[in-house]
Amino acid sequence: MCFSPQADLAGGIVIGAIGVDAVGHCHRPREVALASLPLLLAGHQIVEAFVWWGLEGHVNPGVGRDAVWAYLVFAFGILPVLVPGAVMAIEPDRRRRWVMAPFLALGVGVAAVLLWSMARGPVGTALGAHHIDYKLNVPAGTVVVGLYVLATCGSLLASTYRHVRIFGAVNLAAAIVLARLATSGFASLWCAWAAVAAGAITLHLHLARAHRGVGPAPVGIDAPG
């Protein structure tokens, strides 16, 4: 993913199909945010295809600029809030939800800083090695990236469900590696994990449905532990 506009477009289509399946297996209101995440990630990748084409001169420059802003608003303003919020929504343990609440608050704070930095400008883009470099003047940028990772992965690690914690640990490791490889390319490279997220979310909803079918168990695909 994210190595070319064609890869972004193909990835968006595949993840979109997975997202439709995820929404189809959503049977409780508290699952809606989680189930919608694959579809949003699919749209996110398709938008980045237009960013690529704008930089390559294949679409109108105005379309390319709009795509940049749409991509960054989702990546910087929505995702760090949506992920901890969605994980909190499916968490059956009230005490764990209180543990997760600071990660949601942190996500809101990180999103506010990043959106403020975007509004202040300048916002730049450039073609990198198999990714797009998004250039943004963020105060203490390395710290903000670290807090972004903490906000998006922390609630996963705090879940009562083993599969969610494992997924959070894998994402944390991937985020650290990607951030070290290319700070300016982090937002672009991070979308490579959209397919993993979509598959994991769909698996969760599939198995959660089966779990509910055999008895009054809380939503989840395994026992808390």
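If I filter the range 141-153 down to residues being of a type in the set (Ser, Thr, Tyr) and buried (at least 19 other Cβ atoms within 10 Å of the Cβ), which single residue comes out as farthest from the chain's Cα centre (by Cα)? Before the answer, list the steps.
Applying the first criterion (of a type in the set (Ser, Thr, Tyr)) to the range 141-153 yields 142, 148, 152.
Those left that are additionally buried (at least 19 other Cβ atoms within 10 Å of the Cβ): 148, 152.
Numbers: Tyr148: 11, Thr152: 8 Å.
Ranking the candidates gives Tyr148 first.
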Could you check how many residues of the range 113-135 are touching a residue at least 40 places away in the same chain (Cβ under 8 Å), charged (D, E, K, R) and assigned to a helix (DSSP H, G or I)? 0
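Going through Val110, Val138, Val99 one at a time, which residue ends up being among the β-branched types (Val, Ile, Thr), surrounded by 15 or more Cβ atoms within 10 Å (Cβ to Cβ) and not in a helix (DSSP H, G or I)?
Val138
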So which residues in the range 48-69 are in a helix (DSSP H, G or I) and not aliphatic (A, V, I, L, M)? Glu48, Phe50, Trp52, Trp53, Gly54, Glu56, Pro61, Gly62, Gly64, Arg65, Asp66, Trp69
When the residues of the range 108-156 are filtered to those that are in contact with a helix residue (DSSP H, G or I) (Cβ under 6 Å, 6 or more places away or on another chain) and aromatic (Phe, Trp, Tyr), which remaining residue is nearest to Phe167 (Cα to Cα)? Tyr148
Please determine whether any residue of the range 28-42 is in contact with a helix residue (DSSP H, G or I) (Cβ under 9 Å, 6 or more places away or on another chain), at negative phi and outside any helix (DSSP H, G or I). yes
Being surrounded by 21 or more Cβ atoms within 10 Å (Cβ to Cβ), β-branched (Val, Ile, Thr) and either closer than 25 Å to Thr160 by Cα or free of Cβ contacts under 8 Å to residues at least 24 places away in the same chain (or both) is the requirement here; does Val87 meet it? yes
In the range 51-63, residue farthest from Ala10 (Cα to Cα) [restricted to those that are of a type in the set (A, V, I, L, M, F, W, C) and without any contact (Cβ under 8 Å) to a residue 24 or more places away in the chain]: Val63
Considering only the range 15-27, I want to know if a residue exists there that is modelled with pLDDT under 85, more than 17 Å from the chain's Cα centre (by Cα), within 21 Å of Ala89 (Cα to Cα) and in a helix (DSSP H, G or I). yes
So if I check each of Ala33, Ala7, which one is over 24 Å from Ala111 (Cβ atoms), crowded, with 16+ Cβ neighbours inside 10 Å and without any contact (Cβ under 8 Å) to a residue 60 or more places away in the chain? Ala7
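When you check Ala42 against the structure, is it surrounded by 22 or more Cβ atoms within 10 Å (Cβ to Cβ) and either out of contact with any His (no Cβ under 8 Å at 6 or more places or on another chain) or more than 22 Å from Thr202 (Cα to Cα) (or both), yes or no?
Here the answer is yes, as Ala42 does meet what is asked.
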Among what's in the range 154-167 and is modelled with pLDDT under 85 and crowded, with 21+ Cβ neighbours inside 10 Å, pick the residue that is nearest to Met118 (Cα to Cα). Phe167
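The values are calculated or read from the model by the stated rules, or taken from the named source; none is laboratory data. Quantities reported herein were computed from a predicted structural model and do not represent experimental measurements. Note that we place each Cβ from the backbone using ideal geometry, even for glycine, and neighbour counts take in every protein chain shown.
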